[in-house]
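*Asks:* Right, I'll just put the structure down here and ask away after.
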Amino acid sequence: MRADFSLDYDVLTVERPQKLYLMARFASAGAAGEKTRRPLNLSLVLDRSGSMAGAKIDYTRQAAQFLVQHLGAQDVFSVVLYNDKVETLLQPEIVTHKDTLIQRLEQIRVHGTTNLSGGWLEGCRHVAASLKAAALNRVIIISDGLANRGVTDTGQLVRMVQQKREEGVTTTTMGLGDEFNEDLMMAMANAGGGAYYFIESPEVTPHIFQEELKGLLNVVGQNLAISILPGEDVLRVNQLNAYAFQAAGRNITYHLGDIFSDEIKTLVLELDIPALQRLGECHIARLRFEYDEITGDRSTHHQSEMPVTINIRPPGALPTTAQPEVEQSVLLLKAAQARKRAIAAADRGDYQAASQVLDEVAGAIAAASVQNARLNEERAALREQSLRLAQGKEVYDEYTRKTMSTQSFYTMTGRHEDTMLLRLREQQRRQTLADEPSPVITPAAPAAPAAPVELRPGVTPTHIEWKDQLIALQPVLTRIGRAPQNEFVLNERGVSRFHCQIRREGDKLILEDLGSTNGTTLRGDRLTGPHVLSVGDVVYVCDEKLVFRLP
């Protein structure tokens, strides 16, 4: 393990206030072998609300099964399912009979709403029951929707996650699709000492699980904290990252979390230096590094300190270029901060201001003394996002907000490589959408004249009448919503991506809302549970009238 720091300039001039950028670095060693790696104590908490139907739950099962395959006999594993209710599918147990665990995961079925807090708390309870200082104790929670049951207040949830972290249980969050609350999921991960992931489409889920597991299996240290103890010549300290921190007087401690093998973690601080009157060497701060080194089932605490000094020279004696590595990190982090400000402006409807914020940082990157492929890619991404935001609400949707928020969060928590991978997948996604024709609902036959259909209780319908179309119901499952994965794509205003579904039970068809934002209405009442459909039933999906009938 090695700790050091760099300044963008280690020589300053007298009689002029200046900003100084300090980059603290921590480089880890290689990982221990499989026999000596730290055991895992994991609880996997899975959203099984109705909106997870179809490809989402299919890929989530695959990802969970992948996770099981790579756990060892020293690991403890549990699985919690949640919708409006919370159920433990698998009690905490040593991972031995993997085939049995995989079969249990195949049994997951979806319906209902989203009690995220209840599921997460149950996962925490399972991890706490097997809590060991020698283990990595973590809850991994995945959701595709808003927390609309149990505790839903963001501040309260974040405080609960922070408390569990202090008790030894950390939290990783994964948001799937474009209808979850990314601000909540990021805040929970940051407070919980884990990671946040944006799973932008179902097929990415196994890859994300693989990334999280790779990190968990290669943890060589935990509780990395970097503190700055500023001297009287530092007026203000501001971090460019987004790490959780604590202040005690003028001393500030930043919590960088787990340390993975062969990793370099960095923290970039902006220091306001007043106009200094004296020449020569000047001590401005001390840096302290603390962490717990993990070797098998042993943990050793380490702490080191180092002074931060600068040289004060007469005017005209300054270097003309900044330290390149520090300047690059500053520019990437300022780009991430600009995305946060742009999102805030776009949320207010001020799209021109949002676009301008991104353009300004792109211009600063273009004018910087350091130039390389990574900065060129960042500048191009900022320009593209600026042009899109300038188009206004036509393009600023939930998906765009999540993509930009995630890029900002990834970079500000030391994961800029993940930012670049997310952008690459986004480019591939757009190309795929451009190459594929838009989904079109093709009627099975001309619709009958718009005459009332007599209600026939107990008679199972076979078709949906919508506007001038007659759509055949699928034999097993018909999902309705905006997403192209639905069997009936209803791309209308107010309709959720996965809004409702019709599933077969014997000779009956059951209608269920999938936790949609605007609800499904039957005979004037909002649907709150399963309903057995009959010929003549009239259902409203937002403002869209669906009549169930025979051909």
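*Asks:* Among the residues of segment 299-316, is any closer than 21 Å to Lys265 by Cα, crowded, with 19+ Cβ neighbours inside 10 Å and modelled with pLDDT under 95?
*Replies:* Start the filter on segment 299-316 by keeping residues that are closer than 21 Å to Lys265 by Cα, which leaves 299-308.
If we keep only those that are crowded, with 19+ Cβ neighbours inside 10 Å as well, we get 308.
If we keep only those that are modelled with pLDDT under 95 as well, we get 308.
Within segment 299-316 (the criterion being closer than 21 Å to Lys265 by Cα, crowded, with 19+ Cβ neighbours inside 10 Å and modelled with pLDDT under 95), the answer is yes, since at least one residue qualifies.
*Asks:* A further question on this structure: Taking the stated definitions as given, is Ala338 farther than 30 Å from Ile259 by Cβ, in a helix (DSSP H, G or I) and not hydroxyl-bearing (Ser, Thr, Tyr)?
*Replies:* Working: farther than 30 Å from Ile259 by Cβ: no; in a helix (DSSP H, G or I): yes; not hydroxyl-bearing (Ser, Thr, Tyr): yes.
Spelling it out, it is not the case that Ala338 is farther than 30 Å from Ile259 by Cβ, in a helix (DSSP H, G or I) and not hydroxyl-bearing (Ser, Thr, Tyr).
*Asks:* Related question: Where residues in segment 518-551 are closer than 18 Å to Leu146 by Cβ and in contact with a Cys (Cβ under 7 Å, 6 or more places away or on another chain), which of them is surrounded by the fewest Cβ atoms within 10 Å (Cβ to Cβ)?
*Replies:* Here the answer is Asn518.
*Asks:* Looking at the structure I just gave you, is Val139 in contact with a Ser or Thr (Cβ under 8 Å, 6 or more places away or on another chain), part of a strand (DSSP E or B) and under 28 Å from Pro206 (Cα atoms)?
*Replies:* Taking the combined requirement at face value, the residue satisfies it.
*Asks:* Out of (1) open to solvent by 50 Å² or more (accessible area, probe 1.4 Å); (2) within 23 Å of Ala55 (Cβ to Cβ); (3) assigned to a loop (DSSP other than H, G, I, E, B), the odd one out for Gly515 is which?
*Replies:* The number of the failed condition is (1).
*Asks:* What do you reckon, is Arg165 charged (D, E, K, R) and at pLDDT below 90?
*Replies:* Values: charged (D, E, K, R): yes; at pLDDT below 90: no.
Here the answer is no, as Arg165 does not meet what is asked.
*Asks:* Have a look at Thr460, Thr521 and point out the one that is in contact with a strand residue (DSSP E or B) (Cβ under 8 Å, 6 or more places away or on another chain) and assigned to a strand (DSSP E or B). Even if it seems obvious, please write down each step before you answer.
*Replies:* Values: Thr460 fails: assigned to a strand (DSSP E or B).
Result: Thr521 is the single residue among Thr460, Thr521 that is in contact with a strand residue (DSSP E or B) (Cβ under 8 Å, 6 or more places away or on another chain) and assigned to a strand (DSSP E or B).
*Asks:* Quickly run through segment 388-419 and pick out the residues that are outside any helix (DSSP H, G or I) and either crowded, with 18+ Cβ neighbours inside 10 Å or on the phi > 0 side of the Ramachandran plot (or both). Before the answer, list the steps.
*Replies:* Our first condition is that a residue be outside any helix (DSSP H, G or I); within segment 388-419, this holds for 391, 395-397, 413-415.
Matches in segment 388-419: Tyr396, Thr413, Gly414, Arg415.
*Asks:* So, in segment 491-506, of the ones that are of a type outside the set (Lys, Arg) and surrounded by fewer than 22 Cβ atoms within 10 Å (Cβ to Cβ), which residue ends up nearest to Thr113 (Cα to Cα)? I'd like the intermediate steps shown before the answer.
*Replies:* Here is the first cut: in segment 491-506, the ones of a type outside the set (Lys, Arg) are 491-492, 494-496, 498-502, 505-506.
Still in the list and also surrounded by fewer than 22 Cβ atoms within 10 Å (Cβ to Cβ): 491-492, 494, 505-506.
Values: Asn491: 22, Glu492: 22, Gly494: 18, Glu505: 21, Gly506: 25 Å.
Here the answer is Gly494.
*Asks:* Every residue in segment 164-181 that is polar (S, T, N, Q) and either farther than 18 Å from Gln222 by Cα or more than 18 Å from the chain's Cα centre (by Cα) (or both), please. Talk me through it step by step, then tell me what you get.
*Replies:* Step one: list which residues in segment 164-181 are polar (S, T, N, Q), which gives 170-173, 181.
Answer for segment 164-181, where residues must be polar (S, T, N, Q) and either farther than 18 Å from Gln222 by Cα or more than 18 Å from the chain's Cα centre (by Cα) (or both): Thr173, Asn181.
*Asks:* Could you say whether any residue in segment 241-261 is open to solvent by less than 40 Å² (accessible area, probe 1.4 Å) and over 30 Å from Leu131 (Cβ atoms)?
*Replies:* Among the residues of segment 241-261, not one is open to solvent by less than 40 Å² (accessible area, probe 1.4 Å) and over 30 Å from Leu131 (Cβ atoms), which makes the answer no.
*Asks:* While we're here: Please go through segment 381-420 and give me each residue that is of a type in the set (Val, Ile, Thr) and in contact with a strand residue (DSSP E or B) (Cβ under 6 Å, 6 or more places away or on another chain), ordered by number.
*Replies:* First, pick out the residues of segment 381-420 that are of a type in the set (Val, Ile, Thr): 395, 400, 403, 406, 411, 413, 419.
Thr406, the sole residue that qualifies.
*Asks:* Please report, ordered by residue number, the strands (runs of 3 or more DSSP E) entirely within segment 170-284 with at least 3 residues that are closer than 30 Å to Asp397 by Cβ. Let's see the steps before the verdict.
*Replies:* Details: elements: 170-176, 193-199, 219-230, 236-239, 244-248, 251-260, 264-273.
Strands (runs of 3 or more DSSP E) meeting the threshold: 170-176, 193-199.
*Asks:* Go through segment 71-89 and count every residue that is under 30 Å from Glu179 (Cα atoms), in contact (Cβ under 8 Å) with a residue 12 or more places away in the chain and open to solvent by 10 Å² or more (accessible area, probe 1.4 Å).
*Replies:* Step one: of segment 71-89, the residues under 30 Å from Glu179 (Cα atoms) are 77-89.
Among the residues that remain, those that are also in contact (Cβ under 8 Å) with a residue 12 or more places away in the chain are: 77-86, 88-89.
Next cut, open to solvent by 10 Å² or more (accessible area, probe 1.4 Å) only: 84-86, 88-89.
Total meeting the criteria: 5.
*Asks:* Assuming Thr205 fulfils every condition listed in (1) within 30 Å of Gln69 (Cα to Cα); (2) hydroxyl-bearing (Ser, Thr, Tyr); (3) open to solvent by 10 Å² or more (accessible area, probe 1.4 Å) apart from one, which condition is it?
*Replies:* Result: Thr205 fails condition (3) only.
*Asks:* Go through segment 350-365 and count every residue that is within 13 Å of Arg401 (Cα to Cα) and open to solvent by less than 40 Å² (accessible area, probe 1.4 Å). If you could, list the steps in order and put the result at the bottom.
*Replies:* Our first condition is that a residue be within 13 Å of Arg401 (Cα to Cα); within segment 350-365, this holds for 351, 354.
Then keep just the ones that are open to solvent by less than 40 Å² (accessible area, probe 1.4 Å); that gives 354.
The number of residues fulfilling the criteria is 1.
*Asks:* Would you say Val234 is closer than 24 Å to Arg38 by Cα and open to solvent by less than 20 Å² (accessible area, probe 1.4 Å)?
*Replies:* Numbers: closer than 24 Å to Arg38 by Cα: no; open to solvent by less than 20 Å² (accessible area, probe 1.4 Å): yes.
No.
*Asks:* Mind listing just one residue for me: the one in segment 118-161 that is touching a residue at least 60 places away in the same chain (Cβ under 8 Å) and polar (S, T, N, Q) and, of those, surrounded by the most Cβ atoms within 10 Å (Cβ to Cβ)?
*Replies:* Out of the qualifying residues, it is Ser143.
*Asks:* Scan (1) within 30 Å of Phe409 (Cβ to Cβ); (2) over 26 Å from the mean Cα position of the chain (by Cα) for the single condition Thr321 breaks and write down its number.
*Replies:* Here Thr321 clears every test but (1).
*Asks:* OK, next. Residues in segment 366-387 that are assigned to a helix (DSSP H, G or I) and open to solvent by 70 Å² or more (accessible area, probe 1.4 Å): how many? Walk me through how you get there before you give the answer.
*Replies:* First pass over segment 366-387, keeping only residues assigned to a helix (DSSP H, G or I): 366-367, 373-387.
Those still in the list that are open to solvent by 70 Å² or more (accessible area, probe 1.4 Å) too: 367, 373-374, 383-384, 387.
The total comes to 6.
The values are calculated or read from the model by the stated rules, or taken from the named source; none is laboratory data. Source: prediction; values computed, not measured. Positions of Cβ are generated from backbone atoms using ideal geometry, with glycine treated the same way; all protein chains shown enter the neighbour counts. Remember, those area values only see protein heavy atoms, side chains included, never the ligands or the DNA or RNA. Shrake-Rupley method; radii C 1.70, N 1.55, O 1.52, S 1.80 Å.
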